[in-house]
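Comments concern the structure below.
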Amino acid sequence: MSWKDLYEDFDELSQGEKLALFEAIKNTLFPEPRLKLDKVAEEVRDSRFSSGLACVHCGSTLVKRNGKYRSRQRYLCRDCGKSFNDTTASPISGTRYPDKWLKFVECMLNGLTLSKTAKLLGIHVSTAFYWRHKVLYALRSLGQDTLNGIVESDETFFLESYKGRKHITFRKPRKRGGVAQKRGISKEQVCVVVAIDRDGDIVAQNAGRGRITATEIDVVLGTHLAPGSLLCTDSARNYIAFAKMKGLHHEIINVRKGVYVRKGIYHVQHVNSYHKRLKKWMERFQGVATKYLDNYLFWFRYLERYKNLSPFEAKRAILRDMSKRANDVTVEYLRVV
Ligand SMILES: [Zn+2]
């Protein structure tokens, strides 16, 4: 049989089947290399110590290499006397399940729920929960982006949630996300400020409850706007006050009056489509506990950043990013926050 015989039947497939066939052929011809956690650890070294080798416990630069343990480089700090390796105090440090971690990161990239993730990996749901937040706190510790040039900003609202808390005494518990008791924006809604520049850098953070003030916007955005940035928003008063307070050049897009673009470049369409994608993605979690909302905002921000990478590259990037800074997030820590 020649390839032409096969190709003759190609047209009979649906568009979806054609794409699936294409993917299958591509994967057979160009299989993705297997990612090894040891290799990732070496890459972590480069990004973690990009400005020089320093102790992850005390920050001292008086560090010497101290042999290898299980083929991993170890270091000894002459100041505090503690030792560490390239991934110490990262989510993957000392893991007993290197293969499960790789799979877990894949689940995170695909936005799987905890129960699906737990089932797939054969781990307990509470372990999946712990791993997820370890990763999210690690990503969050890298901080927000700095925004440059034209910066679009707008707010979006999520229903406040005490998910996970055993006893809610001040109102009837809601089932699976639920709806607000009051119509419109009230203190039952958590306000998330999102700002995005034209390079795709993003700041997204819980800014407060209900209608927020210019000062609350400042807490989220204030220190993340590069000098000379130009703010683009709708005609909301809090943003007008915020721009005035910071002395920012401000382009106001009066969407309510049917104006969507000014001078060909000023608009808020990037931030609004970000809101839409974020909301759609969040639906699967059926209401995220408000105390973890910022973690999920960070997660989504990283997914947006990785979305143009191949699955292999995305996995590598998330493992590198989440191990870049040394953080110790323990089960006890997650219990108290
Ligand atoms: Zn030290």
Failed item in (1) assigned to a helix (DSSP H, G or I); (2) exposed (fewer than 15 other Cβ atoms within 10 Å of the Cβ); (3) among the hydrophobic types (A, V, I, L, M, F, W, C), with Phe242 passing the rest: (2)
In this structure, does Arg74 turn out to be away from the ligand (no atom under 12 Å from the Cβ), surrounded by 15 or more Cβ atoms within 10 Å (Cβ to Cβ) and modelled with pLDDT of 90 or more? yes
Which is part of a helix (DSSP H, G or I), under 18 Å from Arg320 (Cβ atoms) and not polar (S, T, N, Q), of Val56, Val105? Val105
Among residues belonging to the range 82-92 that are within 16 Å of the ligand (Cβ to nearest atom) and either loosely packed, with under 13 Cβ neighbours inside 10 Å or assigned to a loop (DSSP other than H, G, I, E, B) (or both), point out the one that is farthest from the chain's Cα centre (by Cα). Lys82
Among the residues of the range 249-259, is any under 27 Å from Thr113 (Cβ atoms), among the charged types (D, E, K, R) and without any contact (Cβ under 8 Å) to a residue 24 or more places away in the chain? no
May I ask you to verify whether Ile212 is of a type in the set (A, V, I, L, M), assigned to a loop (DSSP other than H, G, I, E, B) and under 28 Å from Tyr296 (Cα atoms)? yes
How many residues does the range 19-57 contain that are within 16 Å of the ligand (Cβ to nearest atom) and surrounded by 13 or more Cβ atoms within 10 Å (Cβ to Cβ)? 7
Total residues in the range 74-103, condition closer than 30 Å to Gly59 by Cβ and in contact with a Leu (Cβ under 6 Å, 6 or more places away or on another chain): 4
Subset tally (residues that are more than 33 Å from the chain's Cα centre (by Cα) and part of a loop (DSSP other than H, G, I, E, B)) for the range 65-81: 4
Looking only at the range 110-117, decide whether some residue is within 16 Å of the ligand (Cβ to nearest atom) and touching a residue at least 60 places away in the same chain (Cβ under 8 Å). no
Among residues of the range 218-230, those that are surrounded by 14 or more Cβ atoms within 10 Å (Cβ to Cβ) and either assigned to a strand (DSSP E or B) or without any contact (Cβ under 8 Å) to a residue 40 or more places away in the chain (or both), counted: 5
When every residue in the range 260-271 that is aliphatic (A, V, I, L, M), out of contact with any Phe, Trp or Tyr (no Cβ under 9 Å at 6 or more places or on another chain) and in contact (Cβ under 8 Å) with a residue 24 or more places away in the chain is compared, the one surrounded by the most Cβ atoms within 10 Å (Cβ to Cβ) is Val271
Going by the conditions given, is Tyr69 touching a Phe, Trp or Tyr at 6+ places or on another chain (Cβ under 8 Å), farther than 24 Å from Leu120 by Cβ and of a type in the set (Ser, Thr, Tyr)? no
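The values are calculated or read from the model by the stated rules, or taken from the named source; none is laboratory data. This is a predicted model, so every value here is computed, not measured. Ideal geometry is used to build each Cβ from the backbone, glycine not excepted, and the neighbour counts take in all protein chains shown.
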